[in-house]
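Enquirer: Take this structure first; my questions come after.
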């Protein structure tokens, strides 16, 4: 079949000769010339020419998708991906770009998305390490014809689990522990969950490493098999760094990480839900994380199995430090930490303003328990740091805070979908003098900042941070002030 050039209609199986003009937010190359609608091609960089085969054509106005059959030219920013799983895995979609080009692309993405604000966007801040940085890992269990059990990642747009033993993003220690969990499960006859038949025990393994090197392992299982204690013993014996093992029960059908409650939002991370049904199998139910701000200062946080903390602790520390320094100029006396998680950001801002009072709000009760415990362990009285479990829109209006105070600062770090209008309304009614908005989505960030702008707030500047090198994901910080 001869590759077509300049077509008026796309169809599945069609072979085309194309040239990418830009990168989509997914990291795929975008073809717009000589095609009737945008065509996205994974692993194709701007200026590169390739022969591609159309795999999917949207019926709802979305972009079509194609795969490369042969690449004819090579962009100057292309490098050989450092990971053998690049491509099939889909996680690190821009690992074929030089790191400098990744940072430039992410900076442009944020500038382009936030253009309606008319705000200055600083260059994207580089991660201290572009690899071996992910300290929180979620792996799916699956059957393997040779090893019986593997722990890996779902292939893009499928339920097929890929072996990612060579992953360069996840912390090495975590991948070593994962290998032992998989091998021990196979040796002990603990079978992985099979989605089609709804049989088997082991569904997912969640792991966290803290700065001390300690590791927590969370086993998501349909039941509690008789040889589970032997599995835990084998893992702890081979890896003394494992100081906590927790069992989560999940008997739901499908491939959900944990059961979704009837009231959960469509993209809500149910890992943050109630821990009432969890069972501690070994050690403590939490670890201690020390985020170092500089040579002389660190913030100690407690993190439990279900508590949220950014997966790249080095970049998280950079963001916390920078936000604290920016807000210190206002010398806030009241700090409201919304979507606070374990309140790492709020605690860091408080450390720079030691006479202020901190109020943290988080939906997950586990994170609130961690935030309270860490604050008390640091010698911070309950009168100076208070934490509340619930939604921002429900809890914030109930707090007795001075509205419109020039000494009131707010921190917002919402999930990817951003803030609800009710949460923004509650924040606007409080009328803080300054807001630090931390976001993992430029799209929802723009929507929320425009909402605030229409009500008298001005976004002064935005700084992107490369929280997830090798991936399309971007973390950004905006400083917003009341006029």
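The values are calculated or read from the model by the stated rules, or taken from the named source; none is laboratory data. In this text the structure is predicted, and so the values were computed from the model without any measurement. So basically every Cβ, Gly included, is an ideal-geometry build from the backbone, and we count neighbours across all protein chains shown.
Enquirer: For the stretch 146-179, what are the residues that are without any contact (Cβ under 8 Å) to a residue 60 or more places away in the chain, out of contact with any strand residue (DSSP E or B) (no Cβ under 9 Å at 6 or more places or on another chain) and under 30 Å from residue 212 (Cα atoms)?
Expert: 172
Enquirer: For the stretch 29-57, what are the residues that are in a loop (DSSP other than H, G, I, E, B) and over 16 Å from residue 70 (Cα atoms)? I'd like the intermediate steps shown before the answer.
Expert: Keep residues of the stretch 29-57 that are in a loop (DSSP other than H, G, I, E, B), which gives 32-38, 42-48, 57.
Result: 32, 33, 34, 35, 36, 37, 38, 57.
Enquirer: Out of 309, 345, 327, which single residue is within 25 Å of residue 416 (Cα to Cα) and at pLDDT below 95? Walk me through how you get there before you give the answer.
Expert: Details: 345 fails: at pLDDT below 95; 327 fails: at pLDDT below 95.
Just one listed residue meets the conditions, 309.
Enquirer: Can you find a residue that is buried (at least 23 other Cβ atoms within 10 Å of the Cβ) and either out of contact with any helix residue (DSSP H, G or I) (no Cβ under 8 Å at 6 or more places or on another chain) or more than 18 Å from residue 333 (Cα to Cα) (or both) anywhere in the stretch 394-409?
Expert: No, the conditions are met nowhere in the stretch 394-409.
Enquirer: Test each condition in (1) in contact with a helix residue (DSSP H, G or I) (Cβ under 7 Å, 6 or more places away or on another chain); (2) outside any strand (DSSP E or B) for residue 149 and report the one that comes out false.
Expert: With (1) in contact with a helix residue (DSSP H, G or I) (Cβ under 7 Å, 6 or more places away or on another chain); (2) outside any strand (DSSP E or B) applied to residue 149, the lone miss is (2).
Enquirer: Please list, ordered by residue number, the helices (runs of 4 or more DSSP H) wholly in the stretch 321-430 having 3 or more residues that are within 20 Å of the chain's Cα centre (by Cα).
Expert: Output list reads 344-352, 365-377.
Enquirer: Follow-up. Look at residue 348 and say whether it is in the same structural domain as residue 473 (by TED's automatic domain parsing), without any contact (Cβ under 8 Å) to a residue 60 or more places away in the chain and surrounded by fewer than 20 Cβ atoms within 10 Å (Cβ to Cβ).
Expert: No, not satisfied.
Enquirer: Mind listing whichever residues of the stretch 449-483 are out of contact with any strand residue (DSSP E or B) (no Cβ under 7 Å at 6 or more places or on another chain) and either buried (at least 23 other Cβ atoms within 10 Å of the Cβ) or in a loop (DSSP other than H, G, I, E, B) (or both)?
Expert: The answer is 454, 455, 468, 469, 470, 471, 472, 473.
Enquirer: Return the pairs, sorted by first residue and then second, in which the second residue is at pLDDT 95 or above and part of a helix (DSSP H, G or I), the first residue lies in the stretch 445-460 and is within 17 Å of residue 415 (Cβ to Cβ), the beta carbons are less than 8 Å apart, and the residues are 6+ apart or on different chains.
Expert: Listed by first residue and then by second, the contacts come to 445/113; 446/113; 446/116; 446/117; 448/424; 449/117; 451/421; 451/424.
Enquirer: A further question on this structure: Consider the stretch 95-122. How many of its residues are part of a loop (DSSP other than H, G, I, E, B) and either without any contact (Cβ under 8 Å) to a residue 40 or more places away in the chain or crowded, with 22+ Cβ neighbours inside 10 Å (or both)?
Expert: Total satisfying the criteria: 5.
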